[in-house]
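Comments concern the structure below.
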Amino acid sequence: MPQPRKTLPRYLKHSGGKARIVWTDAAGCRREKVLPGAYDSPESREAFARLQLELATSPAAPAKLSVTDTGPTIAEVFLAYLKHATSYYGKTTELRTIKEALRIVRELYGFTPAGEFGPKALAAVRESFIRRRWARTYINRQMGRVTRAFKWAAAEELLPVTVFQALKTLATLRAGKSDAKESEARTPADPADVEATLPHLTPHVREMIELLRATGMRPGEACRMTLGQIDRSKELWVYTMAKHKTAHKGKSRVVVLGPAAQEILVRHLGVKVLGPEDPVFCPSRQRDERYEAMRAARKSKVTPSQVCRKKATAKRLPGRWFHPEAVFHAVHKACETAGIAKWSPYRLRHLRGAELREKFSLEHVRAALGHSHASMTAHYAQGADATLASEVARKVG
């Protein structure tokens, strides 16, 4: 009885010194391709990884492995696009996620002419995302970022617009219709968990979390808060942001600070004298305040060598601004110390939305959270639906 053929692609050495790949297709026929580049070269390894993904997404489709000199390669197009994205987005989370998506495409198709990159290749990239165990919704967003790079290249006349139009034909992943895992829905934070976490946070982070709890601001908005952006001339203070996520659309972002938020800021600032451009929450100032408190609590006399022990050439110094990810990390560490389940500071925005929805109309909550459309507010305030439904059931039976 003949031995069954191996269906998985195998990376082998060709007699001429090049690399080749051998596999059995869906019809049971033996297939063989010579890969571009020498055996064990990065170019051939990239082509091998690319074909594996293409066969996983479409076993019957032959892969395009030949490399031509017509037009720029994927790597060249992405290099030009990243220069544009860096100046357009700046050092933001969006830029980091763009780089993450493009890096994977470049590893698979970097030597491929960009004009030959089509929906089948994009499907292979998506399969690579799925195998990394990314959530379905995140995969769809990353696919959109990859397609956006080709859209920019078409606008710059680096590629024919038909390349971008062809990529748009690939449908997004639907819930329950793929192997991609589903992400857990972001729910409001548990107020009890928030209270249990606060004693284990540093002063500036603790008061920032209290402010997020009272206002429903995004963590990044609290991190960028300066004293000069807060109008304190009236009963209700108004925080008008210079930079925010929809500023490029010509929209403004204003947070009205009520008595609870004002009390938190007054307690946090105390008698400190800050300039209009100074951040309200500052890592370096937090360190200095901690040192002052330690000196004030010291009972023995301070020796001359201990008057100032700051290192002139320290490898790592606290910055002037808090970063949202640093706040996330601090909250997670505090949750571990408190022995409770981890929660994200962004869930405080959902908690605030749910609490407001129980007392006010959807339009009021939309204005308080700073949304342009009520549909987004409904998503944030969906935690209140069960409470509102219970109230209706009690009244009407």
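Each reported figure results from applying straightforward, stated rules to the coordinates on display, with no laboratory input. What you see is a predicted model, and the numbers here were worked out from it, not measured in a lab. Here Cβ is always computed from backbone atoms with ideal geometry, including for glycine, and neighbour counts include all displayed protein chains.
Points to keep in mind about this one:
- In terms of packing, defined here as the mean over residues of other Cβ atoms within 10 angstrom, the peptides 208-219, 133-144 line up highest first as 208-219, 133-144.
- Per the Debye calculation on the stretch 200-298 with a single equal scatterer at every Cα and no solvent contribution, log₁₀ I(q)/I(0) for q = 0.25 Å⁻¹ amounts to -1.53.
- Per-residue extension of 0.36 nm, minus the Cα-Cα distance of Tyr291 and Lys315, leaves a gain of 6.7 nm for this segment.
- When the listed pairs Lys181/Lys342; Lys13/Lys120; Lys83/Lys151; Lys83/Lys315; Lys272/Lys342; Lys243/Lys333 are checked against a 25 Å cut-off, the alpha-carbon distance exceeds it for Lys13/Lys120; Lys83/Lys315; Lys272/Lys342; Lys243/Lys333.
- Summing Lys and Arg as +1 and Asp and Glu as -1 over all other residues whose Cβ lies under 12 Å from the Cβ of Ala189 gives a net charge of +2.
- Put simply, the convex hull of the Cα atoms in the stretch 74-167 casts, on average, a shadow of 5.5 nm².
- Taking other residues whose beta carbon is less than 10 angstrom from the beta carbon of Pro318, and scoring Lys, Arg as +1 and Asp, Glu as -1, yields +3.
- Cα-Cα P(r), the stretch 87-236, percent of pairs per 10 Å interval: 9, 27, 24, 19, 15, 5, 0
- For the stretch 10-57, a crude dipole built from +1 on the beta carbon of Lys and Arg and -1 on the beta carbon of Asp and Glu, taken about the Cα centre, is about 160 debye to the nearest 20.
- The stretch 10-57 gives an Rg/Rh value of 0.98, both radii derived from C-alpha positions and Rh following Kirkwood.
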